[in-house]
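The values are calculated or read from the model by the stated rules, or taken from the named source; none is laboratory data. The structure presented is a predicted model; accordingly, all values stated were derived computationally and were not measured. Positions of Cβ are generated from backbone atoms using ideal geometry, with glycine treated the same way; all protein chains shown enter the neighbour counts. With ligands, DNA and RNA removed, areas are computed over all heavy atoms of the protein, side chains included. Shrake-Rupley method; radii C 1.70, N 1.55, O 1.52, S 1.80 Å.
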Amino acid sequence: MKALQFAKVGQPLQIADVPRPTVFPDGLVFKVKACGICGSDLHAVEVSGLLQSGNVLGHEYSGEVVEVGPGSNGWKIGDRLVALPARPCGTCPQCQSGRHAECSQIIMQGFDTRMPGAYAEYSTCMAGLAIKISDVLSDNDAAMIEPLAVGLNAWRTANVEAGASILIVGAGVIGIAIAKWARFFGAGDVGISEMVPARLARAHAIGFDLVIDAAQHVNPVAEYERQTGRKPSVIFECVGRPMIAKLIEMAPTNAHLVLVGTGMQPENFTVVSAALKRLRMTFPVAYVSSDFHFVQRMLTARRVAVDGLVTATVNLEAASAMFEKLGKPNDHCKVLIVP
């Protein structure tokens, strides 16, 4: 089968012919129907020593089952799925208590050669972490369950009060996902700060009116206050680049900073600057299985929509060039690889 592989930092991903993955106990092999190019993937290829040569990235996927492993009860060939992209050990105390995301030996799919991701024609997942796709959802829409779950988990982890004033820094897919959940759960004013004109226009088109052009307003907190008469009480960082020091400088007293961008580069800030403002910082990551189920139910019920999220699809042959493009400033929200 064809797969898109990482070679080393500074080199483009390369198409290779590799064996189709074999099924493991309690696992499934699936034909990849769609897989998103994630910001975490784009950051990971920049970090020396994080990925091994031969890594196949890709953890935001939908697929169709082609092989069912022993012990994978309730699944059959032809079932459509999405899955939490990981393989926990199943034996540590965290796994035994159902907290698989906290597994001490977890293998993260796409970031470990022991569990290749879905930048490929076929991939694998654990049956116990997979859910069947509703017939209402297309393969492309189903592939958006994962990033929407990231946004949902960030919102839930932050424990935001109803009616809170929200500022989201970055109008990529996670920023827009959080904005959708903020509206869903009854936030007050929801502001989105972004520098890229196309992303500003997209946020407007989706229905968000408080959109701040960061190229014109270097302090989006001040612009938020000018437009609403209120300071944001919760600020979500959805960029993934070093900016904690800037956020601390801009943030109002008693604000809550939620660092969703999972940046992989060192940050440089002074703790006392945050302490004097009595700021809180939360570092959410990933999601739990119930988030996937909730997102699918809300998509199926049309209470949340994927509109404005997918901006392009590419095949595997074109995916490497698109990956390089997305690593630089660009207009896209979410690009899906459709093998």
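Just a few scattered comments:
- Test: residue in the range 68-76 that is at negative phi, at pLDDT 95 or above, in contact with a Lys or Arg (Cβ under 6 Å, 6 or more places away or on another chain) and of a type outside the set (Val, Ile, Thr): no
- Those residues of the range 17-58 which are small (Gly, Ala, Ser), at pLDDT 95 or above and outside any loop (DSSP other than H, G, I, E, B), in sequence order: Gly27, Ala34, Gly36
- If you filter the range 159-169 down to residues that are within 20 Å of Val295 (Cβ to Cβ) and either in contact with a helix residue (DSSP H, G or I) (Cβ under 6 Å, 6 or more places away or on another chain) or buried (at least 22 other Cβ atoms within 10 Å of the Cβ) (or both), you find that the one that is modelled with the lowest pLDDT is Val160.
- Residue match in the range 63-71 (condition: open to solvent by 60 Å² or more (accessible area, probe 1.4 Å) and part of a loop (DSSP other than H, G, I, E, B)): yes
- The set of residues in the range 77-112 being out of contact with any strand residue (DSSP E or B) (no Cβ under 9 Å at 6 or more places or on another chain), part of a loop (DSSP other than H, G, I, E, B), of a type in the set (A, V, I, L, M, F, W, C) and modelled with pLDDT under 95 consists of Cys92 alone.
- Candidate set from the range 281-298 (those that are open to solvent by 20 Å² or more (accessible area, probe 1.4 Å) and part of a loop (DSSP other than H, G, I, E, B)); member that is farthest from Glu146 (Cα to Cα): Phe283
- Contact map, the range 287-302: residues that are under 14 Å from His100 (Cα atoms) paired with residues that are open to solvent by 50 Å² or more (accessible area, probe 1.4 Å) and part of a helix (DSSP H, G or I), Cβ distance under 6 Å, separation 6+ or inter-chain. Pairs shown: Val288/Ala101.
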